[in-house]
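S.K.: Below is a structure I'd like to ask you about.
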């Protein structure tokens, strides 16, 4: 799912829809763009209803111009279905609830969901908290199709011999691992923390069925190979690094090469002497 330029956040039309979703007489008190969100425009919106209660919400809009061509299956309806699945399965951590949906964008100018807003700050650092959260995700019943790469291998352009070796590995058969429910984009920016505890997980658009090691690999390249040791597999460390490669700057690619070399060595392969 390539990143791209988003259209501007927040507009009167979308905010008016958010207020109307709460009920007659509701009004928007405040709205501000949320950090991150490379694939959606996310705004924190506070709406006061006719009785004076303030509803803390997230207006989440599919406003990336290319999304219908590149990620047409990752719709608001799909994310709403995933969130309903979490509720049925009684997911152990906090997650957004759907307040209203505008899947065609007729009322917001772009397809949108209005979600409850979770308290907390993103990107904590406690490894045990990440591991426990992943186990909670992977305890859910599988659903929503199988894991698929953002980039097919033939589209990748390895920058040196080390990445060429990684491409050779990924072109071979994947390890035979049990499949479960996976978040698919489990990274620090999609977690919320309070008092050093990981309390919530957000951004469920891509959730699907796959090996737990796919989520572990995605987390490990973001935060380091000491994470999610109990669920990782070195083949998936290699595969998820390659899946991220087109989006990484040169400095990040260089930083990750020692990690990639270690994953190849764990698979019993000798990394190139020079790369």
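Yes/no matrix, rows are residues, columns are (1) at pLDDT below 95; (2) surrounded by 15 or more Cβ atoms within 10 Å (Cβ to Cβ); (3) within 21 Å of residue 179 (Cα to Cα):
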site: 67; (1), (2), (3): yes, yes, no
site: 71; (1), (2), (3): yes, yes, no
site: 80; (1), (2), (3): no, yes, no
site: 87; (1), (2), (3): no, no, yes
site: 102; (1), (2), (3): no, yes, no
site: 117; (1), (2), (3): no, yes, no
site: 131; (1), (2), (3): yes, yes, yes
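S.K.: Right, next: Considering only the range 222-237, I want to know if a residue exists there that is modelled with pLDDT under 95 and under 16 Å from the mean Cα position of the chain (by Cα). Spell out the reasoning first.
M.R.: In the first step, residues of the range 222-237 are kept if they are modelled with pLDDT under 95; the result is 222-232.
Cutting the leftovers down to under 16 Å from the mean Cα position of the chain (by Cα) gives us 222-223.
Within the range 222-237, one or more residues are modelled with pLDDT under 95 and under 16 Å from the mean Cα position of the chain (by Cα).
S.K.: Follow-up. Looking at 207, 166, which one is touching a residue at least 24 places away in the same chain (Cβ under 8 Å) and over 13 Å from the mean Cα position of the chain (by Cα)? Break it down stepwise before answering.
M.R.: On the way: 207 fails: over 13 Å from the mean Cα position of the chain (by Cα).
Among 207, 166, only 166 is touching a residue at least 24 places away in the same chain (Cβ under 8 Å) and over 13 Å from the mean Cα position of the chain (by Cα).
S.K.: Do we find a residue being crowded, with 16+ Cβ neighbours inside 10 Å, touching a strand residue (DSSP E or B) at 6+ places or on another chain (Cβ under 8 Å) and assigned to a loop (DSSP other than H, G, I, E, B) anywhere in the range 227-250?
M.R.: Scanning the range 227-250 turns up at least one residue that is crowded, with 16+ Cβ neighbours inside 10 Å, touching a strand residue (DSSP E or B) at 6+ places or on another chain (Cβ under 8 Å) and assigned to a loop (DSSP other than H, G, I, E, B).
S.K.: In the set 124, 217, which member is surrounded by 17 or more Cβ atoms within 10 Å (Cβ to Cβ), part of a loop (DSSP other than H, G, I, E, B) and in contact with a helix residue (DSSP H, G or I) (Cβ under 9 Å, 6 or more places away or on another chain)?
M.R.: Details: 217 fails: part of a loop (DSSP other than H, G, I, E, B).
The match here is 124.
S.K.: Then there is this: Checking the condition in a loop (DSSP other than H, G, I, E, B), touching a helix residue (DSSP H, G or I) at 6+ places or on another chain (Cβ under 7 Å) and more than 25 Å from residue 11 (Cβ to Cβ), which residue from 141, 148, 119 passes? Let's see the steps before the verdict.
M.R.: Numbers: 148 fails: touching a helix residue (DSSP H, G or I) at 6+ places or on another chain (Cβ under 7 Å); 119 fails: touching a helix residue (DSSP H, G or I) at 6+ places or on another chain (Cβ under 7 Å).
Of 141, 148, 119, the one residue that is in a loop (DSSP other than H, G, I, E, B), touching a helix residue (DSSP H, G or I) at 6+ places or on another chain (Cβ under 7 Å) and more than 25 Å from residue 11 (Cβ to Cβ) is 141.
S.K.: Residue 170 passes all but one of (1) touching a helix residue (DSSP H, G or I) at 6+ places or on another chain (Cβ under 8 Å); (2) surrounded by fewer than 16 Cβ atoms within 10 Å (Cβ to Cβ); (3) not in a loop (DSSP other than H, G, I, E, B); which number fails?
M.R.: Evaluating residue 170 over (1) touching a helix residue (DSSP H, G or I) at 6+ places or on another chain (Cβ under 8 Å); (2) surrounded by fewer than 16 Cβ atoms within 10 Å (Cβ to Cβ); (3) not in a loop (DSSP other than H, G, I, E, B) leaves (2) as the failure.
The values are calculated or read from the model by the stated rules, or taken from the named source; none is laboratory data. Everything numeric in this text was worked out from a predicted model, so none of it was measured. We place every Cβ from the backbone using ideal geometry, glycine too, and count neighbours over all the protein chains shown.
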